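**Student:** There's a structure below that I have some questions on.
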Amino acid sequence: MVHVLSSRLLLRPTDPERSRRFYGETLGLAVYREFGTGPERGVVYFLGGGFLEVSGRSRTPPAPGLELWFQVADAAAAYAEFLERGVLVLEPPEKKPWGLIEMWIADPDGVRIAVVEVPEGHPIRYRPTV
């Protein structure tokens with residue numbers, strides 16, 4: 001079995017500067033590291049237990065099946081902040097039948113991002129007893 005020490009998502013945007021502004025300034029993700037120089041330099045952002053690397057350039061947006069999942073402490077507060085910052089909100093926060101509070105936003109290339117609040121008492125917060 002492969003012993004994975006670290007992982008990250010690699011995102012190759014059509015406009016790297018626009019995407020760095022979106023993830024770094026608009027969403028306010030903290031920077032883990034930066035590398036390279038010039039317009040296609042790379043930035044790696046913290047994503048809770050993972051990382052998102054925005055680097056390089058693509059001629060086409062990422063595949064439509066690519067979606068990101070961000071857990072936040074308060075979906076309503078995130079929603080208000082997104083509206084203030086001009087983030088494209090596809091679906092406002094709503095409690096789903098499975099008990100999570102979810103909203104959907106999109107990055108500048110149309111990558112869909114689920115923003116999820118796990119309410120107190122939801123089973124995802126706890127390990128099942130053995």
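The values are calculated or read from the model by the stated rules, or taken from the named source; none is laboratory data. In this text, all values refer to a predicted model and were calculated from it rather than measured experimentally. Please note: Cβ atoms are built from the backbone with ideal geometry, for glycine as well, and neighbour counts cover all protein chains shown. These area figures cover heavy atoms from the full protein model, side chains too; ligands, DNA and RNA do not enter into them. Shrake-Rupley method; radii C 1.70, N 1.55, O 1.52, S 1.80 Å.
**Student:** Suppose we filter the range 63-102 for residues that are under 17 Å from Ile124 (Cβ atoms), in a strand (DSSP E or B) and open to solvent by less than 30 Å² (accessible area, probe 1.4 Å); how many remain?
**Tutor:** 2
**Student:** Can Leu27 be described as of a type in the set (A, V, I, L, M, F, W, C), open to solvent by 40 Å² or more (accessible area, probe 1.4 Å) and either within 16 Å of the chain's Cα centre (by Cα) or closer than 28 Å to Ser6 by Cβ (or both)?
**Tutor:** Answer is no for this residue.
**Student:** Scan the range 103-125 residue by residue and report those that are in contact (Cβ under 8 Å) with a residue 24 or more places away in the chain, closer than 29 Å to Ser58 by Cα and open to solvent by 30 Å² or more (accessible area, probe 1.4 Å).
**Tutor:** Pro108, Gly110, Arg112
**Student:** Continuing with the same structure: So, in the range 63-83, how many residues would count as being under 28 Å from Gly38 (Cα atoms) and either of a type in the set (Lys, Arg) or under 14 Å from the mean Cα position of the chain (by Cα) (or both)?
**Tutor:** So the answer is 3.
**Student:** OK, next. Can you pull out the residues in the range 46-62 that are touching a helix residue (DSSP H, G or I) at 6+ places or on another chain (Cβ under 8 Å) and open to solvent by 30 Å² or more (accessible area, probe 1.4 Å)?
**Tutor:** Taking the range 46-62 first, the residues touching a helix residue (DSSP H, G or I) at 6+ places or on another chain (Cβ under 8 Å) are 52, 54-57.
Scanning the range 46-62 gives a single hit, Arg57.
**Student:** Here's a follow-up. Taking the range 1-24, which residues are touching a residue at least 40 places away in the same chain (Cβ under 8 Å), under 23 Å from Val72 (Cα atoms) and open to solvent by less than 40 Å² (accessible area, probe 1.4 Å)?
**Tutor:** Leu11, Ser19, Phe22, Tyr23
**Student:** Out of contact with any Phe, Trp or Tyr (no Cβ under 6 Å at 6 or more places or on another chain), closer than 22 Å to Val116 by Cβ, assigned to a loop (DSSP other than H, G, I, E, B) and at pLDDT below 95, is that true of Pro39?
**Tutor:** No.
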